[in-house]
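One structure is given here, and the rest of the page talks about it.
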Amino acid sequence: MAEMNHKCFELYRECAANAGLTAENTVISGCIGPKGDAYQTNQGLTPKSAQAYHSEQIETFKAAGVDIVTALTLNTTDEAIGIAKASAQAGIPSVISFTIEKNRKLRSGETLKQAIEIVDAATSSAPAYYMINCSHPVDFGPALGNEPWANRIRGLRANASSLDHGTLCQLGHLEEGNPDELANQYVDIRAAHPTMNVFGGCCGTDYIHVEKIGRALLAAA
């Protein structure tokens with residue numbers, strides 16, 4: 001696993017170089033996911049055990065020279081706290097990306113506001129910023145308030161489809177949704193939250209969605 005991680009970062013750097021990006025203008029992110037199923041709550045995982053579990057891979061990232069650790073599709077604050085602490089211990093900035101359900105809460109029950117405030121309080125605001133991924137704008141958009149806590153959210157990686165997680169898992173194919181509609185939804189969210197500056201796609205998206213999102217955001221700017 002450690003060898004594969006190192007090879008991945010070599011590929012990242014090669015892709016950046018081929019795109020004409022200089023090393024000082026490229027952020028290499030080590031991406032990790034939750035322990036177990038992202039759509040199920042790992043009841044036995046505490047902040048301490050999460051920190052111990054993820055520390056080994058984060059240390060591997062450090063040895064490979066990554067700039068930041070991005071934890072995607074987290075559905076509990078306990079695991080988010082553990083990852084943020086493990087990253088801080090390794091001396092690497094972290095990004096915590098939550099996924100929310102149709103009820104606009106994490107699977108562990110917290111609202112986005114509560115989740116961010118809980119993690120910040122437990123880690124002395126260790127995460128560099130927060131993201132939302134594996135949810136659709138119709139679900140997470142209304143959960144974004146205009147209070148200071150929302151400024152901690154700097155990135156979005158939305159699903160192409162507004163179907164719930166359980167339905168998406170049972171389809172047997174990736175639901176592509178409407179790329180133009182998704183791009184316009186990104187523009188609306190960015191207009192309401194101008195501090196956001198990291199954008200991509202999650203389930204069902206591909207280079208078509210990402211290109212349309214990028215072009216729409218640039219045009220709006």
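Worth a mention:
Yes/no matrix, rows are residues, columns are (1) of a type outside the set (Lys, Arg); (2) touching a strand residue (DSSP E or B) at 6+ places or on another chain (Cβ under 6 Å):
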position: Met4; (1), (2): yes, no
position: Pro34; (1), (2): yes, yes
position: Ala50; (1), (2): yes, no
position: Lys62; (1), (2): no, no
position: Asp67; (1), (2): yes, no
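- Segment 1-26 - residue that is more than 26 Å from His54 (Cβ to Cβ) and charged (D, E, K, R) and, of those, surrounded by the most Cβ atoms within 10 Å (Cβ to Cβ): Glu14
- Those residues of segment 27-52 which are in a helix (DSSP H, G or I) and surrounded by fewer than 17 Cβ atoms within 10 Å (Cβ to Cβ), in sequence order: Lys48, Ser49, Ala52
- Residues of segment 60-92 satisfying the condition of being within 21 Å of Lys7 (Cα to Cα) and either part of a helix (DSSP H, G or I) or within 15 Å of the chain's Cα centre (by Cα) (or both): Thr60, Phe61, Lys62, Ala63, Ile68, Val69, Thr70, Ala71, Leu72, Ser87, Ala90
- Scanning segment 27-63 for residues that are in contact (Cβ under 8 Å) with a residue 40 or more places away in the chain and β-branched (Val, Ile, Thr) yields Val27, Ile28, Ile32, Thr41, Thr60.
- Among the conditions (1) surrounded by 20 or more Cβ atoms within 10 Å (Cβ to Cβ); (2) of a type outside the set (D, E, K, R); (3) under 16 Å from Ala128 (Cβ atoms), Thr76 misses just one, which is (3).
- Tally of residues being within 20 Å of Val198 (Cα to Cα) and open to solvent by 10 Å² or more (accessible area, probe 1.4 Å) across segment 79-119: 3
- Count - residues of segment 186-212 that are in contact with a Phe, Trp or Tyr (Cβ under 9 Å, 6 or more places away or on another chain), in a helix (DSSP H, G or I) and closer than 14 Å to Ile132 by Cβ: 3
- Only a single criterion out of (1) at positive phi; (2) modelled with pLDDT of 90 or more is not satisfied by Gln185, namely (1).
- Residues in segment 174-221 that are of a type in the set (S, T, N, Q) and closer than 15 Å to Leu156 by Cα: Asn184, Gln185, Thr195, Asn197, Thr205.
- The set of residues in segment 139-153 that are in a helix (DSSP H, G or I) and loosely packed, with under 14 Cβ neighbours inside 10 Å comprises Pro142, Pro148.
The values are calculated or read from the model by the stated rules, or taken from the named source; none is laboratory data. Every value quoted in this text rests on a predicted model; they were computed, and no experiment measured them. Cβ atoms come from the backbone with ideal geometry, glycine included; neighbour counts cover every protein chain shown. Heads up: the accessible areas ignore ligands, DNA and RNA and are worked out on the full protein's heavy atoms, side chains in. Shrake-Rupley method; radii C 1.70, N 1.55, O 1.52, S 1.80 Å.
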